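Take a look at the structure below.
The values are calculated or read from the model by the stated rules, or taken from the named source; none is laboratory data. Everything numeric in this text was worked out from a predicted model, so none of it was measured. Every residue, glycine among them, receives a Cβ derived from its backbone with ideal geometry; neighbour counts consider all protein chains shown. Side chains included, ligands, DNA and RNA excluded: accessible areas come from the protein's heavy atoms. Shrake-Rupley method; radii C 1.70, N 1.55, O 1.52, S 1.80 Å.
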Amino acid sequence: GGWRCGRWADGAALRWCISGTLCASFLGLGMSIAVLGPTFPTLAANVGKNVSDIYYIFVGRSLGSLGGSVVGGVLLDCMNATLLLAFSMLGTAAGLYVIPWCNQSLLLTILMSVIGGSMGILDTGGNVLALYTWGSEAGPHLQALHFSFAAGAFLAPMVAQMDLGSSKSEELAGPEKTNQSVLKSVPTALAASTTPAPNDHHNESFLWSYIFIGTYILLVSIFFFVLFSKSSSAKDKSKASAQKDKLAKYHWPLVGLLFVFFLFYVGAEVTYGSYVYTHAMVFAEMKESEAATLNSVFWGAFAVCRGAAIFGAAFLSPATMIVMSLLCSAASSTALAFFSHFRAALWVGSAVYGASMATIFPSGIAWIEQYTVVEGKTASLFVVGAALGEMCIPVAVGYLQGRYHHVPVVMYTAFVTSVVTVLLFPAMYKLANWPQQRDSQEVSDRETRKTLLSNSRLTEDEEEEEQHVREWNDADFEVVEMNDELKNSLMDTSRRIPGDSPAVQPHLNNALGDPPVVVDGSPGRQNGSIDWEKSE
């Protein structure tokens, strides 16, 4: 018993170590993404370009992240997940170490693509490893992962200005706090283009910030290697669990719907976080400080609610959390779309909208895991869908806003995407549950038929048994009648014998089946009584 308890405690400790290392890796992931905004002008100065001329490095990293998500999904089904994440973190750290000394735009773009690919692998593998490790209990751990990402994005601007003492980089921090590992291209590039050219002091700070984050990620990768050496193959465990579980009847249609769901949700989140600052200045006529505060309110509510969801996921089911988030999102986006000219509606709506967007992505992954097997390829599709939404929707909104200057396109986009997600989730829920309901109905019908057949067979068996009982009873009655006739005939014979010999009586009793009479339980007394009668 003690050995089993120790083994269970070792397994539980290992699972918690995996969760802690995953959260640390997502903290580094958030810092790696968000640090690019504050240091973007220095990057441009290092390669001798204007900030408006190197926007393609964002596109390169976005494409790298998309490719990394797909490759990571394939590799997760072929090798140990912990080892894969260790190598992805190692690649990210190496790229961060090289970037500060890069002085060619092409090389910088290649490095960004490589880093993006490593981050895509981490983003896909982190969610899958959490599911492999905790199974149906993964809800709070997934929430903790994505909260760590938001915390890293919050800390990155502070890291970037540790040696700077300047507040210039703070203006770029807000749009960088995204949900996924793919950085939006156009909004950040446009924001960075307004920043003045850096000086040498910027370059020194830039070097140390990237080295600091790279060192942190290197340490996390070492922890992953240690976990790989200490633990048995997480992939073997996942294969065993996958063999036990079966895919949902409509697995791929369900995955496709969730792909579209994440595309609209993440696209709406990034779009609002990127453009609310501009909207507040143009349509609400706010000052720069007020607009920046409004942007901070959105992301602050987002981060706080994501942290609270770690504890809420322990008590609420993923479906309940998604429904609550969608209802709050629909209400707040409606207020923002039609009443944003009121400042109170803009402030409250932004806070509620940010809070409602916080838990949807991790809750969605935890929700679908209840109905089907989430493997590497499946999780990569979710990340790719989120990445496409993060890339495409902000670009489309920027184009439409440029053409229709007097229309609050950002708020209407929030409303439309909210309506789409509200309509998609009931369809997914019905698709996930309907086959099970139908199968359970068929199973119940089969069980009913089996029960009826078994009852009918039991009835036939009971009738046959009753027939045998009746036959046996009739046979017993015949035996009893024969015994009575035999007894009467023997009694008549005994009366005709003279002297009523005592030797005959016991033989009669034995023949008739009657036991001899025993007085006081002693055979001697019986013989004595017989002799006494004879002497008389």
Quick check on Y216: is it outside the structural domain of C392 (by the TED database) and at pLDDT below 90?
no
Out of (1) at pLDDT 85 or above; (2) buried (at least 24 other Cβ atoms within 10 Å of the Cβ); (3) of a type in the set (A, V, I, L, M), the one A34 does not meet is (1)
Across (1) touching a Leu at 6+ places or on another chain (Cβ under 9 Å); (2) open to solvent by 10 Å² or more (accessible area, probe 1.4 Å); (3) more than 19 Å from A303 (Cβ to Cβ), W367 clears everything bar (2)
Would you mention how many residues in segment 321-335 are in contact with a Ser or Thr (Cβ under 9 Å, 6 or more places away or on another chain) and more than 18 Å from V266 (Cβ to Cβ)?
4
Note on V410: of the conditions (1) within 22 Å of L258 (Cα to Cα); (2) modelled with pLDDT of 90 or more; (3) open to solvent by less than 40 Å² (accessible area, probe 1.4 Å), unmet is (1)
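Only one of Q401, Q370 is more than 27 Å from V71 (Cβ to Cβ), at pLDDT below 90 and not in a loop (DSSP other than H, G, I, E, B). Can you tell me which?
Q401
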Test of understanding: among K237, K246, which residue is at pLDDT below 85, under 21 Å from the mean Cα position of the chain (by Cα) and closer than 17 Å to Q370 by Cβ?
K246
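For the structure I just gave you, tell me whether S62 is among the small types (G, A, S), modelled with pLDDT under 85 and either in contact with a Phe, Trp or Tyr (Cβ under 7 Å, 6 or more places away or on another chain) or open to solvent by 30 Å² or more (accessible area, probe 1.4 Å) (or both).
Numbers: among the small types (G, A, S): yes; modelled with pLDDT under 85: yes; either in contact with a Phe, Trp or Tyr (Cβ under 7 Å, 6 or more places away or on another chain) or open to solvent by 30 Å² or more (accessible area, probe 1.4 Å) (or both): no.
The answer is no for S62.
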Answer residue from segment 101-131, given it is open to solvent by less than 10 Å² (accessible area, probe 1.4 Å) and over 29 Å from the mean Cα position of the chain (by Cα) and is modelled with the lowest pLDDT among those:
C102
With the first residue restricted to segment 399-421 and required to be under 19 Å from W347 (Cβ atoms), and the second required to be outside any helix (DSSP H, G or I) and not polar (S, T, N, Q), Cβ contacts under 8 Å at 6 or more apart or on different chains are P408/F283
Of the residues that sit in segment 289-315 and are of a type in the set (S, T, N, Q) and either within 15 Å of G273 (Cα to Cα) or not assigned by the TED database to the domain that holds G273 (or both), which one is surrounded by the fewest Cβ atoms within 10 Å (Cβ to Cβ)?
T293
Confirm whether S325 is free of Cβ contacts under 8 Å to residues at least 60 places away in the same chain, crowded, with 18+ Cβ neighbours inside 10 Å and not β-branched (V, I, T).
yes
